[in-house]
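Report on the structure given below.
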């Protein structure tokens, strides 16, 4: 069979791996080694020339293995398979989601450049943008959902920094409110100032299954691969998918920052990719049932869930255009404030009180005091990240059990 004719979930079992090269092992072994033997000195010279960009590969010339900080079979197979889900030319993986995000910024931005970013963002990303990047001379400008095109274009132009715009970075759906950003509109804004502006999308909330940013004009699709891609809450990783040119730049930066994945973590992710589709689809089915329960509960003031978007909502057109599923992330405002939210969280039994998302188990947390605690109070309020907000990552348990646990925890809340 031709690999090009196969579905992604089938390719996850075999793409990039040849059992004959590994004693016939049906699964890719862990290549737990620091360095690789060259057959000839000439090969070592050629590999380093290509690895360090001293020359392009000649026709039919393949990059060989050198050292696990540069390349490793587990890493290469993982990246080839991961790129399939996003329809990307290439992918690069990193030791954490923040390693992936920070490498993107450090490679694409220099002092004097302008970064435009959406709000809200994951707390770690927000901190890196607002605290670190200005310290190295990068100009920053934020915008909110609904400002993607005409308002954003005007904001950039009126700032006098339009000629310095080098990146637009967005997170859609936003963490933790599920607010949507129009990727195509952001592409138009970027192109209005320069074709060289990089549009990067944090796609962690949707995984590589429910949204494909590159198809809507993004240059880079960024992930905390700890979440749905890893999917078992037993590893930390990050990933970026995009064009060969941009990914090669990120890999070169990764080589010298030294923030690549270990062979073992890459091997764990290869395992995870085999079940990615069935895990995510089950979680989405469960989330639909949980949403129906929460939407009708007397102690819940508002639910933030993509399946709750109606045709009269301004973001409905974005939802229908960009997403193939409402996903498995639900946030809701409990009636009351921090006390009531904490009472709910403290009374959960099966659902775990922990940060992170996208694992097989359901997780719940309090964004304002936990994942987004670094955001100033006034901005948090503007972003609807309040004391009453609770975020739940729906897992793959039976939805009846998830709902029963949420129900008994809500029962413990006194209003």
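Brief remarks on what is shown
- Lone unmet requirement of (1) in a loop (DSSP other than H, G, I, E, B); (2) under 25 Å from the mean Cα position of the chain (by Cα) for residue 414: (2)
- Apart from one condition, residue 83 fits all of (1) touching a residue at least 40 places away in the same chain (Cβ under 8 Å); (2) closer than 21 Å to residue 215 by Cβ; (3) in contact with a helix residue (DSSP H, G or I) (Cβ under 7 Å, 6 or more places away or on another chain); the exception is (3).
- Strands (runs of 3 or more DSSP E) contained in the range 153-260 and holding at least 2 residues farther than 20 Å from residue 81 by Cα: 165-171, 198-202
- Which listed residue, of 60, 86, 126, is surrounded by fewer than 18 Cβ atoms within 10 Å (Cβ to Cβ) and either touching a strand residue (DSSP E or B) at 6+ places or on another chain (Cβ under 8 Å) or at pLDDT below 95 (or both): 60
- For the residues 393, 388, the requirement of being more than 24 Å from residue 233 (Cα to Cα) and either surrounded by 15 or more Cβ atoms within 10 Å (Cβ to Cβ) or outside the structural domain of residue 297 (by TED's automatic domain parsing) (or both) singles out 388.
- Residue list for the range 261-285, restricted to those being surrounded by 20 or more Cβ atoms within 10 Å (Cβ to Cβ) and not in a helix (DSSP H, G or I): 261
Condition check ((1) within 19 Å of residue 252 (Cβ to Cβ); (2) modelled with pLDDT of 95 or more) across all residues:
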site: 17; (1), (2): no, no
site: 27; (1), (2): no, no
site: 33; (1), (2): no, yes
site: 55; (1), (2): yes, no
site: 73; (1), (2): no, yes
site: 91; (1), (2): yes, yes
site: 94; (1), (2): yes, yes
site: 112; (1), (2): no, yes
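- The one condition from (1) farther than 26 Å from residue 272 by Cβ; (2) touching a residue at least 40 places away in the same chain (Cβ under 8 Å) that residue 33 does not meet is (1).
- Take the conditions (1) assigned by TED's automatic domain parsing to the domain that holds residue 246; (2) closer than 27 Å to residue 258 by Cβ; (3) out of contact with any helix residue (DSSP H, G or I) (no Cβ under 7 Å at 6 or more places or on another chain); residue 43 misses just one of them, which is (1).
The values are calculated or read from the model by the stated rules, or taken from the named source; none is laboratory data. For clarity, every value in this text was computed on a predicted model and none was experimentally measured. Neighbour counts run over all protein chains shown; Cβ positions are idealised from the backbone, glycine included.
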